[in-house]
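Read the structure below first, then the notes.
The values are calculated or read from the model by the stated rules, or taken from the named source; none is laboratory data. Every value quoted in this text rests on a predicted model; they were computed, and no experiment measured them. Methodologically, a virtual Cβ is constructed for each residue, glycine included, from the backbone with ideal geometry; neighbour enumeration extends over all protein chains shown.
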Amino acid sequence: MLLYSLVLIFRSSAFHCRRGKAYLFSNVVNITAGPHEERMMISGMHTVADIFCCCCGELVGWKYEVAHEKSQKFKEGKFALERGKIMDGTDSEFYIDTHLSISDAEDA
């Protein structure tokens, strides 16, 4: 699965999903979002929306809409992409901007 022309602002690599590692991002492109739903996660209850590749329609992760635990509020509006659903490398159009801005460093 390759998300074409994907530009992401990298936030954290400390996330996991049912199928392995996931990454948290501030922004993603070339996705569509499903309906909001309540989901119990390891870190507590969240309102999330699954996100899908706009090219092929495959589920690639989820967006945190609302975190019900105060300690998890930093996730609101962020996107979690499953590592197994994205590809990287020099021969693809995939790019992760890993340079933290000042506001990103405060959250890290």
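Listed values, structure above:
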| quantity | calculated |
| --- | --- |
| Counted residues, region 61-87 - those being in contact with an Asp or Glu (Cβ under 6 Å, 6 or more places away or on another chain) and touching a residue at least 40 places away in the same chain (Cβ under 8 Å) | 1 |
| Pairs with Cβ under 8 Å, 6+ apart, first in region 25-44 and at positive phi, second outside any loop (DSSP other than H, G, I, E, B) and surrounded by 12 or more Cβ atoms within 10 Å (Cβ to Cβ) | Asn30/Cys53; Gly44/Ala67; Gly44/Gln72 |
| Some residue of region 13-33 being in contact with a Pro (Cβ under 9 Å, 6 or more places away or on another chain) and either at pLDDT 80 or above or among the acidic types (Asp, Glu) (or both) | no |
| Qualifying residue in region 67-89 (condition: at pLDDT below 50 and not in a strand (DSSP E or B)) | yes |
